[in-house]
1. Consider residue 85 carefully, then state whether it is more than 22 Å from residue 43 (Cβ to Cβ) and at pLDDT 95 or above.
2. Identify all residues within region 131-145 that are more than 30 Å from residue 66 (Cβ to Cβ) and surrounded by fewer than 23 Cβ atoms within 10 Å (Cβ to Cβ); write none if there are none.
3. Cβ-Cβ under 8 Å, sequence separation 6+ or interchain: first residue in region 404-432 and farther than 28 Å from residue 597 by Cα, partner exposed (fewer than 13 other Cβ atoms within 10 Å of the Cβ). Which pairs?
4. Would you confirm, using the coordinates I've provided, whether residue 438 is surrounded by fewer than 18 Cβ atoms within 10 Å (Cβ to Cβ) and in a strand (DSSP E or B)?
5. Can you list the strands (runs of 3 or more DSSP E) lying wholly within region 540-640 that have 3 or more residues being more than 30 Å from residue 669 (Cα to Cα)?
6. Take the conditions under 22 Å from residue 822 (Cβ atoms), out of contact with any strand residue (DSSP E or B) (no Cβ under 9 Å at 6 or more places or on another chain) and touching a residue at least 40 places away in the same chain (Cβ under 8 Å) and apply them to residue 736. Does it pass?
7. Does at least one position in region 39-59 carry a residue that is at pLDDT 95 or above and over 26 Å from residue 275 (Cα atoms)?
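The values are calculated or read from the model by the stated rules, or taken from the named source; none is laboratory data. All values derive from a computational prediction rather than experimental measurement. Glycine gets a Cβ as well: all are built from the backbone with ideal geometry, and neighbour counts include every protein chain shown.
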């Protein structure tokens, strides 16, 4: 439903997000809006912690109504969240959320910035957050963002004065912004940055407050608002045919992996910001009070402004190309401006407007979307002038060896197309997100200094189109892309990537052995070039054995894969470690996996990560064989249960019936299923009857917000926001003799070592007497939380509710998580077997 709503909204907008790489073909109204923004010399920086924290209503308002250059600085890439559209988590989820933010900014008109902070998971206090993040480093990134972007206005999404009242990342973002506001203009703060940027002092700092921060609408109505500014962010844009809130809904709906697809809002709506720091306001309706946002702001700008304001006031919507002579005149004057910041920014904007007015179409399309070192790739270069403007294609070139002279007059609507070859150097590095090139820490990513703050790795393969427009030289740079079509999709675009000549992966990221019997594992080698030859071996822990030791790799065609099978022999006793493929080609070794991320709402992504799989020899026993799995928001729990020998079948809500369930020993409900699967509310009684008849039902965590079912369990159960974020928090056994802790596996404290990111989340805090709490845990300085694992006997079977983060522990191969889950699936099975035998 969310996807269909999003699709309908996008079709009424001026471009499709699903073709994110497609060159813009703007309408006259968009060109006019670009000129309005060109003539506004003011900027706003919005700061928060995660993708989806940003207020798209306010970003859109600042960009589209105020016309200010607007950016969102997200301190993290959202790596620690969940994924509602796929199985990618951690680093790969961060890649998706980065692209979703960029997609959102393409809609609301903002720009996107980042720090190097890693979203390590939920944090309850900024003290913990800033310790794990390395406060001084992230603060330096915020200072750098301010010095680079040079905002007049900074707006914080969260309140720096309320530590401990919300996510620690949220409060930390505001605290760092508050501190960086002054440090950005201090020559003694992060002085090493001053080699590449200059000092900057923003005019004022605000907090984007609302009734939510006051607890209720009623409390907010009574609050003192004398220090606040409010805007009607429901304004309508006739040039777009959309209101500001409709644009904002389109923008936030790009966050699909977080389930943010939503209906648009219309009508008047007030937004509030509270003044925190800087020069006090004299005009309580203008956040740029005291800032000259006209061309008079810069030395030499008055003459430029006189030209460009006239273009704006007399804009020709029918033939925008008529303005090119004046735009070129302003362009020439702009090149003599001393203020380098405004010169660079406004030159970029003005060139784009000239290009749009001329209807220029400049493209460099490769025959493939990826190549490897040393390869030669065929390009199609296209140049088209769709105006009567005097334009000459002087030449085109790239940064390396391609330099082609043309001196061709681009006549109105006459396309010129050229074939060229692009040689890929032997030392070119593969394309991958720059922050994943080196292994970072729990709280920080590593990055080359020149990339800090950028949303993605800059493209190194571009074509410069060197033109004369009315005898003035202007160069337009275009990324090399692949343009192609599919019968069922039409015209499509993909970025041009560099990949290694060989990559490999073990098909399973966690391989669990429930006994010491050998098992075959599959390894896939992918060729980045034709005629790939070499051999592959697996590195492995010393107490594990692999046969054969080596296998030949022979792949005739680029893009093809070769599947090889190795036999793994685990040790007799419990053990774990890591195993990874090494591909040898000539004198080179390749140890990385090439991962492709392909969703319609973001550009195609290639990611290179170390190729390794965790191998676990478990001391584990289990009862019951056949498991029904009801998918929720997406996890790898079914695959993980299959690893330890269960027969798992994923069933849809429509398939839930007494007859279907009778084939299974247990039903497992996926994470957040009761938040995302509408049809489950109509199947609850059938599931409860299944338990009554002797089945086990395990429900994994749900949020207490927007539940689709009134009754989650056969007995009273109330969810809360209780969570334990410390993955090493002490786990206390409330009922040490309970079957869940003893059968068929004896659970000990050892089983709770090595957990990752958290213990669990959204635990129940109230339950009826039928439930037995099994575990107690809490974060530091908090009261015990006893609702992480609850079990109730119901008829002949058992109902279990758990907020423990099995969905995070299974992909990490945490032994204790597997052993405990096996106990949950096995509970009562010995008793039921005995009862059945006696009845027979």
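1. no
2. Of everything in region 131-145, those that are more than 30 Å from residue 66 (Cβ to Cβ) and surrounded by fewer than 23 Cβ atoms within 10 Å (Cβ to Cβ) turn out to be 131, 132, 134, 135, 136, 137.
3. Correct list of pairs: 419/378; 420/378.
4. Judged against the criteria, residue 438 is not a match.
5. It comes to 545-547, 550-555, 561-569, 575-585, 588-590, 592-597, 605-610.
6. Working: under 22 Å from residue 822 (Cβ atoms): yes; out of contact with any strand residue (DSSP E or B) (no Cβ under 9 Å at 6 or more places or on another chain): yes; touching a residue at least 40 places away in the same chain (Cβ under 8 Å): no.
No: the conditions fail for residue 736.
7. yes
Listed here are the residues, each with its yes/no results for (1) at pLDDT 95 or above; (2) in contact with a helix residue (DSSP H, G or I) (Cβ under 9 Å, 6 or more places away or on another chain); (3) assigned to a loop (DSSP other than H, G, I, E, B).
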position: 475; (1), (2), (3): yes, yes, no
position: 504; (1), (2), (3): yes, no, no
position: 516; (1), (2), (3): no, no, yes
position: 533; (1), (2), (3): yes, no, no
position: 536; (1), (2), (3): yes, no, no
